[in-house]
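A short worksheet on the structure shown next.
The values are calculated or read from the model by the stated rules, or taken from the named source; none is laboratory data. Here the structure is a predicted model, which means the values were calculated and not measured. FYI the Cβ positions are ideal-geometry reconstructions off the backbone, even for glycines, and counts take in every protein chain you see. Ligands, DNA and RNA are stripped out before the accessible areas are found, and what is left, the full protein with its side chains, is counted by its heavy atoms. Shrake-Rupley method; radii C 1.70, N 1.55, O 1.52, S 1.80 Å.
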Amino acid sequence: MRVAVFSSKPYDEQYLGVAAAGSAHKLDFFEASLNCDVVKLAADHEAVCAFVHDDVNGQVLRDLAEGGTRLIALRAAGFNNVDLDVAKEVGIKVCRVPAYSPYAVAEHAVALILSLVRRTPRAYNRVRDGNFALDGLLGYDLNGKTVGIVGTGRIGTVFAGIMKGFGCELLAFDPFPNDEMTKLGAKYVDLRELFSNSDIIALHAPLTSDTHHLVNAATLSVVKPGVTIVNTSRGGLIDTEAAIDALKDGRLGYLGLDVYEEEHAVGFFEDQSASIIQDDTFARLLTFPNVLITAHQAFFTAEALQNIAETTIANLTAFEETGSPVHEVGA
Ligand code: NAI
C-alpha cells in the first residue's frame, strides 16, 4: 500500500522504515505538516500517516478522499486533530496507536519534578561556570510528600507507582477509578481536595471540554502555597495566564511543562532558535527560574518510537488485508 507520511522527521523515517521492512508498503516521507496547502502530496496514496500537529480537517479529508486515500493512520494516541464525522462521511477510516509506552511519559513527568525541585538545570549551569556555591539550590525531599494525580489511566497509574517508590502519599481524581491505583494505596478524592492537599500535582488526563483549563485561577486559589505542578498531558489543561499569576505571587512554587496551549504556533517539534518568539505568554514563562519546559518530548524514547512504528505498520497491514485497521477510532 502507498502511504504518505506527513510531519516526518529523520527518526520517523528510521523507525517506520525498520518496522515496514519485508512488507509491501511503500512509504513516502514528507516533512510538511498536513493541511489544505499540501494535501495534494497525498494524491494516489491509499493511506496517510499523520502526527499530532497535522490538521486533518473536513476539507483536507474531502481532498484526500478525492485523491484516493482510504485510511488515516495516526502515529499517536490522540485523535482530536481529525474531523471524525467528515472522515466517516467520505469513507476514510481512522486508526491510531492507543498505547506505546506509558513509562516514557510517566518517567518524563518524574524527570521534570526532580529537575525542578532539586534545581538541576541551575546547578548544571553553575558548575560549568565554576560556581560551586549552594545558595539558591535548596530543594525538598519527595519522601513523605502528597502527590495528587489527575487522570489515572495508563500513564497516571505508572506515574503513581514510581511516586509510591519515592515514599509519597497518593491522592487521585478520575471519573473512572481503577483498582490498580487503590492497590498502590491511592485515595480517590474530589478535585478540590486534591488541589488543596497535594504538594505535587501531576496532570495525566486527556484534553476534553471537562479538563480544559482545569488548572485555573479558582483551583490555584486553594493550592498549598509553593505547590509543584507538572503537565505532560495537553497544554489546554492549564490556563497559562492564571499559572503565571500564581507563579508571580508564589502560590505556584514549581511548574514543569512538556506541553503548552499554543505549542503548535510556538513551533514545537521545529528548530526555532533563529526566530523571535512572538508568543508573549510563552516568553514570560521562560523568564521564571522555577519553570521548566520541554517541547512535547515525553513520548520520545526508543521503546516508544519502536512501538509506535510497529503498531502503525500493523494497522496498515490489517487494513490492506481485511479492510479494517487493528486500532480503528470509533469502530
Ligand atoms: P488513558 O486513556 O489511559 O487515561 C486517561 C485517564 O484520564 C482515564 O482514566 C480517564 O478516565 C481519565 N479522565 C478522563 N476525563 C477526566 C477528567 N475530566 N478528569 C480526570 N481524569 C479524566 O490515557 P493515557 O495513555 O494515560 O494518556 C494520558 C494523556 O497523556 C493523553 O490524553 C495525552 O494527552 C497525554 N500524552 C502525552 C504525551 C507526551 O508526549 N507528552 C504522549 C502520550 C500521551
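Just one of (1) near the ligand (Cβ under 9 Å from one of its atoms); (2) buried (at least 23 other Cβ atoms within 10 Å of the Cβ); (3) not in a loop (DSSP other than H, G, I, E, B) trips up Ala160, so point out which.
Ala160 satisfies every listed condition except (1).
Restricted to the stretch 221-242, and to residues that are among the β-branched types (Val, Ile, Thr) and under 16 Å from the mean Cα position of the chain (by Cα), which residue is farthest from the ligand (Cβ to nearest atom)?
Narrowing the stretch 221-242 to residues among the β-branched types (Val, Ile, Thr): 222-223, 227-230, 232, 238, 240.
Imposing the further condition that a residue be under 16 Å from the mean Cα position of the chain (by Cα) reduces the set to 229-230, 232, 238.
On the way: Ile229: 15, Val230: 11, Thr232: 4, Ile238: 13 Å.
Filtering first and then ranking leaves Ile229.
Determine whether the stretch 178-186 contains at least one residue that is crowded, with 18+ Cβ neighbours inside 10 Å, in a helix (DSSP H, G or I) and polar (S, T, N, Q).
Among the residues of the stretch 178-186, not one is crowded, with 18+ Cβ neighbours inside 10 Å, in a helix (DSSP H, G or I) and polar (S, T, N, Q), which makes the answer no.
Tell me, please, whether a residue that is outside any loop (DSSP other than H, G, I, E, B) and more than 30 Å from Gly330 (Cα to Cα) can be found in the stretch 137-147. Step through it out loud before you land on a result.
We begin by selecting, within the stretch 137-147, every residue outside any loop (DSSP other than H, G, I, E, B); these are 146-147.
Narrowing the set further to residues that are more than 30 Å from Gly330 (Cα to Cα) leaves 146-147.
Scanning the stretch 137-147 turns up at least one residue that is outside any loop (DSSP other than H, G, I, E, B) and more than 30 Å from Gly330 (Cα to Cα).
Determine whether Leu74 is under 14 Å from Leu34 (Cα atoms), crowded, with 23+ Cβ neighbours inside 10 Å and away from the ligand (no atom under 16 Å from the Cβ). So that I can check it myself, show each step before the final result.
Values: under 14 Å from Leu34 (Cα atoms): yes; crowded, with 23+ Cβ neighbours inside 10 Å: yes; away from the ligand (no atom under 16 Å from the Cβ): no.
No, not satisfied.
Pairs under 6 Å by beta carbon, first residue more than 22 Å from Arg119 (Cα to Cα) in the stretch 142-166, partner of a type in the set (Ser, Thr, Tyr) and not in a strand (DSSP E or B), six or more apart or different chains?
Val158/Tyr103
Can you name the residue in the stretch 186-220 that is of a type in the set (A, V, I, L, M, F, W, C) and within 9 Å of the ligand (Cβ to nearest atom) and is also nearest to Gly236 (Cα to Cα) among such residues? Can you show your working first?
We begin by selecting, within the stretch 186-220, every residue of a type in the set (A, V, I, L, M, F, W, C); these are 186, 189, 191, 194-195, 200-203, 205, 207, 214-215, 217-218, 220.
If we keep only those that are within 9 Å of the ligand (Cβ to nearest atom) as well, we get 191, 203, 205, 207, 214.
Working: Leu191: 17, Leu203: 11, Ala205: 11, Leu207: 7, Leu214: 8 Å.
Here the residue is Leu207.
For the stretch 187-218, give me each residue that is among the hydroxyl-bearing types (Ser, Thr, Tyr) and either open to solvent by less than 80 Å² (accessible area, probe 1.4 Å) or closer than 19 Å to His108 by Cβ (or both). So that I can check it myself, show each step before the final result.
Taking the stretch 187-218 first, the residues among the hydroxyl-bearing types (Ser, Thr, Tyr) are 188, 196, 198, 208-209, 211.
Tyr188, Ser196, Ser198, Thr208, Thr211 - these are the residues of the stretch 187-218 that are among the hydroxyl-bearing types (Ser, Thr, Tyr) and either open to solvent by less than 80 Å² (accessible area, probe 1.4 Å) or closer than 19 Å to His108 by Cβ (or both).
So for the stretch 111-126 (the condition being among the aromatic types (Phe, Trp, Tyr) and over 20 Å from Thr157 (Cβ atoms)), does at least one residue qualify? Lay out the reasoning, then the answer.
Our first condition is that a residue be among the aromatic types (Phe, Trp, Tyr); within the stretch 111-126, this holds for 124.
Next, only the ones that are over 20 Å from Thr157 (Cβ atoms) stay: 124.
Yes, because at least one residue in the stretch 111-126 is among the aromatic types (Phe, Trp, Tyr) and over 20 Å from Thr157 (Cβ atoms).
If you check every pair at least six apart or on different chains, which have Cβ atoms under 6 Å apart with a residue in the stretch 291-310 that is closer than 17 Å to Leu74 by Cα and acidic (Asp, Glu) first and a residue that is open to solvent by less than 60 Å² (accessible area, probe 1.4 Å) and away from the ligand (no atom under 13 Å from the Cβ) second?
As it stands, the answer is Glu310/Ala19, since those pairs meet every condition given.
I need the strands (runs of 3 or more DSSP E) fully contained in the stretch 1-68, keeping only those with at least 1 residues that are open to solvent by 40 Å² or more (accessible area, probe 1.4 Å). Working first, answer last.
Details: elements: 2-5, 26-29, 47-50.
Strands (runs of 3 or more DSSP E) meeting the threshold: 2-5, 26-29.
Could you run through the stretch 243-265 and say how many residues are basic (Lys, Arg) and either within 16 Å of the chain's Cα centre (by Cα) or surrounded by fewer than 17 Cβ atoms within 10 Å (Cβ to Cβ) (or both)? Quick ask: steps written out before the conclusion?
The first filter runs over the stretch 243-265 and keeps only residues basic (Lys, Arg), leaving 248, 251.
From the residues that got through so far, the ones that are either within 16 Å of the chain's Cα centre (by Cα) or surrounded by fewer than 17 Cβ atoms within 10 Å (Cβ to Cβ) (or both) too are 248.
Here the count works out to 1.
Suppose the filter is under 25 Å from Thr120 (Cβ atoms), of a type in the set (Asp, Glu) and open to solvent by less than 30 Å² (accessible area, probe 1.4 Å); does Glu303 pass it? Give the derivation first.
Details: under 25 Å from Thr120 (Cβ atoms): yes; of a type in the set (Asp, Glu): yes; open to solvent by less than 30 Å² (accessible area, probe 1.4 Å): no.
Criteria not met by Glu303.
Before we move on, is Leu114 under 20 Å from Leu170 (Cα atoms), away from the ligand (no atom under 16 Å from the Cβ), modelled with pLDDT of 95 or more and not in a loop (DSSP other than H, G, I, E, B)? Break it down into steps so the answer makes sense when it comes.
Working: under 20 Å from Leu170 (Cα atoms): yes; away from the ligand (no atom under 16 Å from the Cβ): yes; modelled with pLDDT of 95 or more: yes; not in a loop (DSSP other than H, G, I, E, B): yes.
In short, yes.
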